[in-house]
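Contents: one structure, followed by commentary.
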Amino acid sequence: MPSLKDIRRRIGSVKKTQQITRAMRMVAAAKLRRAQEAIESARPYAERMRETLIEIAASQGGSAEHPLLAARESVRKVDVLVVTSDRGLCGAFNANVLKRAEAEIALRAAKAESLGLTLIGRKSNEFFGRRRASQVVKSFTGISGVDYSHAISIAEFVSQRFLAGDADEVVLVHSEFVSTMTQRPRVVRLLPLAPEYAADGAAGAVPFTVEPNAEALLKLLVPKALQVELFRALLESQAGEHAARMTAMESATRNTEDMISRLTLQYNRARQAAITKELVEIVSGAEAL
């Protein structure tokens, strides 16, 4: 049975842990508010960007040419981008993304001749670095605060591989922020950015005038759409990470409160037993005299 001193030491240790988890929960909640505002602002822009891309490309009846729009006849090489966080202590946030990524990799590997991994976040790098080190093409880490420049550098890398023929298809796996309590893995085909044309292949009318022409606009719009899609994925992952960490730290704080209550009860019982034992010894000694 632990001594009173051991129990007091353990209670103090748990209280210090509680201070840490409570502080981390407050920091995550503050960061979540900013991250949630950022992703809620970025979603309409990203969706409208994709809609505009589809409208302009479809207006040409599939005749508009851009190398990032061109779907390959046979998909032999596949690149998979996996977005996780750099830090842990966020519950099953990273584990869910990595599990979904493993399932997607297994599905693609069964059909493709070669598969490459582009890892965004230290957790994905650690996970696949132990399991699929030979397939890792590039790692991006240190993205603690998402900036548009991060999306630009990642977009340039994946587009260069696609244009060079090192990848026939690029798939993105990341966590989508649904609510504070819910973050779900999401799989998106990033490249080619082939829009859905009309079934008859006929050119459709667009609700605006394209100047100077569709080809010139697509030349600017397609790389921008790729960057925006990646930027949205990074913001989704960032918001989900903060939400998951806030929830995990709140649960940890409640667990420390329960542990302190149990240890306090154990301490009081041990102290009462010690006092009772001393009283019995005193009474027994008095009777012996």
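Looking across the stretch 165-179, the residues that are within 22 Å of the chain's Cα centre (by Cα) and under 14 Å from ARG72 (Cβ atoms) come down to GLU169, VAL170, VAL171. Scanning the stretch 23-76 for residues that are farther than 22 Å from SER237 by Cα, touching a residue at least 40 places away in the same chain (Cβ under 8 Å) and among the charged types (D, E, K, R) turns up GLU55, GLU65, ARG72, ARG76. The sole residue among LEU53, LEU68 that is in contact with a strand residue (DSSP E or B) (Cβ under 9 Å, 6 or more places away or on another chain) and either surrounded by 18 or more Cβ atoms within 10 Å (Cβ to Cβ) or at pLDDT 90 or above (or both) is LEU68.
Scanning the stretch 143-167 for residues that are in a loop (DSSP other than H, G, I, E, B) and under 30 Å from LYS111 (Cα atoms) yields ALA164, GLY165, ASP166, ALA167. Reported count of residues in the stretch 112-142, each being touching a Leu at 6+ places or on another chain (Cβ under 7 Å) and either outside the structural domain of VAL78 (by TED's automatic domain parsing) or of a type in the set (Asp, Glu) (or both), is 0.
Is the stretch 27-44 home to any residue that is farther than 20 Å from SER144 by Cα, part of a helix (DSSP H, G or I) and not basic (Lys, Arg)? Within the stretch 27-44, one or more residues are farther than 20 Å from SER144 by Cα, part of a helix (DSSP H, G or I) and not basic (Lys, Arg).
Would it be correct to say that ILE11 is modelled with pLDDT of 85 or more and more than 26 Å from the chain's Cα centre (by Cα)? Please lay out each step first, then the result.
On the way: modelled with pLDDT of 85 or more: yes; more than 26 Å from the chain's Cα centre (by Cα): yes.
Yes: the conditions hold for ILE11.
Being closer than 30 Å to LYS219 by Cβ and in a helix (DSSP H, G or I) is the requirement here; does SER134 meet it? Judged against the criteria, SER134 is not a match.
A single member of LEU98, LEU107 is hydrophobic (A, V, I, L, M, F, W, C), assigned to a helix (DSSP H, G or I), over 27 Å from ARG245 (Cβ atoms) and in the same structural domain as LYS224 (by TED's automatic domain parsing), and it is LEU107.
The values are calculated or read from the model by the stated rules, or taken from the named source; none is laboratory data. As the structure is a prediction and not an experimental result, all values here were calculated from the model. All Cβ positions, glycine included, derive from the backbone under ideal geometry; neighbour counts span all protein chains shown.
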